[in-house]
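A quick write-up on the structure given underneath.
The values are calculated or read from the model by the stated rules, or taken from the named source; none is laboratory data. As the structure is a computational prediction, the values presented were derived from the model and not from experiment. Here the Cβ positions follow ideal geometry from the backbone for every residue, glycine too, while neighbour counts run over all protein chains shown. Accessible surface is based on the protein model in full, side chains and every heavy atom, while ligands, DNA and RNA are left aside. Shrake-Rupley method; radii C 1.70, N 1.55, O 1.52, S 1.80 Å.
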Amino acid sequence: MKNHDRIQRFLFEDEPIRGQLVSLDDSWQTILERSDATGYAREILGHALAAVSLLASTLKFDGNITLQIRGQGALHMLVAQATSERTLRGIIRQSHKIEDETASLADIFQSNKIVITIDSGKGKPHQGIVPLSGHTLSEALGTYFEQSEQLQTHLWLAANDNNASGLLIQKLPGEPHDPDAWDRILKLSETVTDNELYGLASEELVYRLFHEESVRVFKQHPIKFSCSCSRERTAGMLKSLGKAELEDILKTEGSIGITCEFCNEHYSFDAIDVESLFNEKFSETVSSNTRH
Ligand SMILES: [Zn+2]
């Protein structure tokens, strides 16, 4: 049976080679429902979310990892983020129709780089920049692993409106028993089809691809959509704009409305809320009054 919203690691028993499979269903559909992306833009967002889930689970860190592309093209912004708690969110912004879907990502975004940021919440976030080369994200992300981890890594990504999935194969440090193993496993991996990625349970897919190899499959982990926005965080952001600025908006608008671009959650602040932001005692009273 097909498993939903799961990430699965596996290891080739006798060789320093590991793999991971991710399959996103409900989490992906939730993100799509909140997105106004159409056509090929949806596919690229799906690839980015599958990729960032694989990255989060391959790299060791606590916090979040964000993959970003910003440019001036038909697509001008892509942000996909995964956390070490296995939550996921993402957006893509389109300025006009993609005329040629066979064009390179660099042309579609009019950008030459992918920025990958790992933020542990402590100290300065770690930022890696990868050239935006090739037609798919998987090609560019292979380069990221080679640069940042010195590990040969290949990714296969697939996305339609129901599912976003990915396979990652990585060569670890250490001497192989069989010098041909890496090439052989890559060749087997390359046979994976989009339909296999969408439709098969991960154990089944591992078996189908690698049944002649000896593979240890680990426990699966659930992955889900979650947005880290909150009323408190929005309030903190508003506070940083300063009281005068907020009072100006209140004068013309009556209240201040902020919509999270990741999840469409709407946060509204009226004059009393704004007053309370700058008055801690008052703020405690207001929040304890509104709690019940
Ligand atoms: Zn949100």
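Across the range 28-67, the qualifying residues are those that are within 9 Å of the chain's Cα centre (by Cα) and part of a strand (DSSP E or B), and the one among them that is farthest from Ala80 (Cα to Cα) is Ile65. Residue selection: Tyr198 satisfies the criterion of being in contact with a strand residue (DSSP E or B) (Cβ under 7 Å, 6 or more places away or on another chain) and part of a helix (DSSP H, G or I). The residues in the range 19-36 that are surrounded by fewer than 20 Cβ atoms within 10 Å (Cβ to Cβ) and either closer than 23 Å to Leu188 by Cα or touching a strand residue (DSSP E or B) at 6+ places or on another chain (Cβ under 7 Å) (or both) can be counted, and the count is 2.
Taken together, the residues in the range 215-243 that are within 16 Å of the ligand (Cβ to nearest atom) and free of Cβ contacts under 8 Å to residues at least 40 places away in the same chain amount to 9.
Could you tell me whether Leu78 is at negative phi and modelled with pLDDT under 95? Lay out the reasoning, then the answer.
Numbers: at negative phi: yes; modelled with pLDDT under 95: no.
Against the criterion (at negative phi and modelled with pLDDT under 95), Leu78 does not qualify.
Would you be able to tell me the number of residues in the range 103-117 that are part of a strand (DSSP E or B) and within 15 Å of His135 (Cβ to Cβ)? Give the steps one after another, and end with the answer.
Going residue by residue through the range 103-117, those that are part of a strand (DSSP E or B) are 113-117.
From the residues that got through so far, the ones that are within 15 Å of His135 (Cβ to Cβ) too are 114.
Selection size over the range 103-117: 1.
Residue-wise test of (1) hydroxyl-bearing (Ser, Thr, Tyr); (2) at pLDDT 95 or above; (3) open to solvent by 90 Å² or more (accessible area, probe 1.4 Å); (4) within 16 Å of the ligand (Cβ to nearest atom).
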site: Thr191; (1), (2), (3), (4): yes, yes, no, no
site: Asn195; (1), (2), (3), (4): no, yes, yes, no
site: Gly199; (1), (2), (3), (4): no, no, no, no
site: Arg208; (1), (2), (3), (4): no, yes, yes, no
site: Glu245; (1), (2), (3), (4): no, no, yes, no
site: Gly254; (1), (2), (3), (4): no, no, no, no
site: Ser276; (1), (2), (3), (4): yes, no, no, no
site: Thr285; (1), (2), (3), (4): yes, no, no, no
site: His292; (1), (2), (3), (4): no, no, yes, no
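Taking the residues in the range 214-241 that are touching a Phe, Trp or Tyr at 6+ places or on another chain (Cβ under 6 Å) and under 23 Å from Pro176 (Cα atoms) as candidates, determine which candidate is surrounded by the fewest Cβ atoms within 10 Å (Cβ to Cβ).
Out of the qualifying residues, it is Val217.
Counting only residues that are more than 16 Å from the ligand (Cβ to nearest atom), buried (at least 20 other Cβ atoms within 10 Å of the Cβ) and of a type outside the set (A, V, I, L, M, F, W, C), the range 70-93 holds 1 of them. Against the test of being closer than 29 Å to Leu45 by Cβ, open to solvent by less than 70 Å² (accessible area, probe 1.4 Å) and assigned to a helix (DSSP H, G or I), the options Leu151, Leu186, Leu155 yield a single qualifying residue, Leu186. So, Leu132, is that one closer than 17 Å to Ser57 by Cβ and surrounded by 14 or more Cβ atoms within 10 Å (Cβ to Cβ) or not? Against the criterion (closer than 17 Å to Ser57 by Cβ and surrounded by 14 or more Cβ atoms within 10 Å (Cβ to Cβ)), Leu132 does not qualify. Against the conditions (1) within 16 Å of the ligand (Cβ to nearest atom); (2) open to solvent by 50 Å² or more (accessible area, probe 1.4 Å), Phe262 satisfies every one except (2).
Does the range 102-122 hold any residues that are over 16 Å from His76 (Cα atoms) and open to solvent by less than 70 Å² (accessible area, probe 1.4 Å), and which are they? First the steps, then the outcome.
Restricting attention to the range 102-122, the residues satisfying the condition of being over 16 Å from His76 (Cα atoms) are 102, 116-122.
Once the filter is applied, which keeps residues that are over 16 Å from His76 (Cα atoms) and open to solvent by less than 70 Å² (accessible area, probe 1.4 Å), the range 102-122 yields Ile116, Thr117, Ile118, Asp119, Ser120, Gly121.
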